[in-house]
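The values are calculated or read from the model by the stated rules, or taken from the named source; none is laboratory data. Because the structure is predicted, anything quoted here is derived from the model rather than measured. Using ideal geometry, Cβ is built from the backbone for each residue, glycine included, and neighbour counts are taken over all protein chains shown.
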Amino acid sequence: MNDQLKKSGKATGTFYFKQFKVEDGMSTMKVGTDAVLLGASVETGDAEEILEIGTGSGVIALILAQRSTARIDANEVDEKSVLQARENVTSSPWGDRISVIHRSFQEFANQTGKKYNLIVSNPPFFTNSLKSPFQKRNISRHNDSLSFGELVKCADQVIEKDGSLWIILPGKESNEFISTARNQRFFIKKIIKIQPKPGQAPQRNIMHFTKYETVNPVIEELAIRNVDGSYSTDYMELTKDFYLDF
């Protein structure tokens, strides 16, 4: 799900968006369509304090900064990703509102006294699967260092009572996360099912959780392309403030 970004000005690990650019050559989490979809879909509302878990190159934090006036803390455990995210933040228009924090989320949650209106994450999601020989790739995709249970437990420590948690995951992992989140009393409020084309099985789910149980969660579908292969109106409308082509 990275096709549009390949058309957005990639050059040696550089991605150009309408209001900022992102270098991702050193980052464990590369710039991808998942990150843009999540950043563009999150309902920022009047959030004053936003936390991103696992910022990688910082692209989601930058999208959220463009879409809000909030202060944003971008947490990341990998040192080289932190250095790269800080460079990307510094070169953006919102360097005064984004702080990149080099710590594991578990350590950060236990030490910070802050509470957040909004928590956002594109988390590692492979569990007990064959690992790559490349350690950085493992960090970005396997949840050994931050399990779903730890993520929701730590999120519970730092979220405001009326706060929101937004996550993007594949289908199988989405079901696991929903179950895990419920154990920590995070309840699904909305799901956006991301389809390659209309009628096809969703490849990703964007999920919105709150601390209040919703009787009938909102379920939406968004197809990236039309049946003929062209980009869908919904996808272009969602991402038009970021992609150069739209």
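Of everything in the stretch 30-47 that's assigned to a loop (DSSP other than H, G, I, E, B) and in contact with a strand residue (DSSP E or B) (Cβ under 6 Å, 6 or more places away or on another chain), which residue is farthest from Q195 (Cα to Cα)?
Keep residues of the stretch 30-47 that are assigned to a loop (DSSP other than H, G, I, E, B), which gives 30-32, 42-47.
Cutting the leftovers down to in contact with a strand residue (DSSP E or B) (Cβ under 6 Å, 6 or more places away or on another chain) gives us 31, 42, 47.
Working: V31: 19, V42: 18, A47: 29 Å.
For the stretch 30-47, the residue satisfying everything is A47.
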Select the helices (runs of 4 or more DSSP H) contained entirely in the stretch 57-142, then report the ones holding at least 1 residues which are at pLDDT 95 or above. 59-67, 79-90, 105-111
Checking A61 against (1) surrounded by 17 or more Cβ atoms within 10 Å (Cβ to Cβ); (2) more than 11 Å from the chain's Cα centre (by Cα); (3) of a type outside the set (D, E, K, R): exactly one of these is not met. Which one? (2)
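Picking from S179, S230, which residue would you name as being within 27 Å of A47 (Cβ to Cβ), modelled with pLDDT of 95 or more and small (G, A, S)?
Details: S230 fails: within 27 Å of A47 (Cβ to Cβ).
Exactly one residue qualifies, and that residue is S179.
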Of all residues in the stretch 154-175 being part of a helix (DSSP H, G or I), out of contact with any Ser or Thr (no Cβ under 9 Å at 6 or more places or on another chain) and among the charged types (D, E, K, R), which is nearest to Q200 (Cα to Cα)? K172
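To keep it simple, each residue is scored yes or no on (1) within 22 Å of Q19 (Cα to Cα); (2) of a type in the set (D, E, K, R); (3) in a loop (DSSP other than H, G, I, E, B).
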{"residue": "Q200", "(1), (2), (3)": "no, no, yes"}
{"residue": "N205", "(1), (2), (3)": "no, no, no"}
{"residue": "D228", "(1), (2), (3)": "no, yes, yes"}
{"residue": "F242", "(1), (2), (3)": "yes, no, yes"}
Pairs only if they're at least six apart or on different chains, beta carbon under 7 angstrom, first in the stretch 174-186 and surrounded by 13 or more Cβ atoms within 10 Å (Cβ to Cβ), second of a type in the set (D, E); list them, first residue then second. Q184/D156
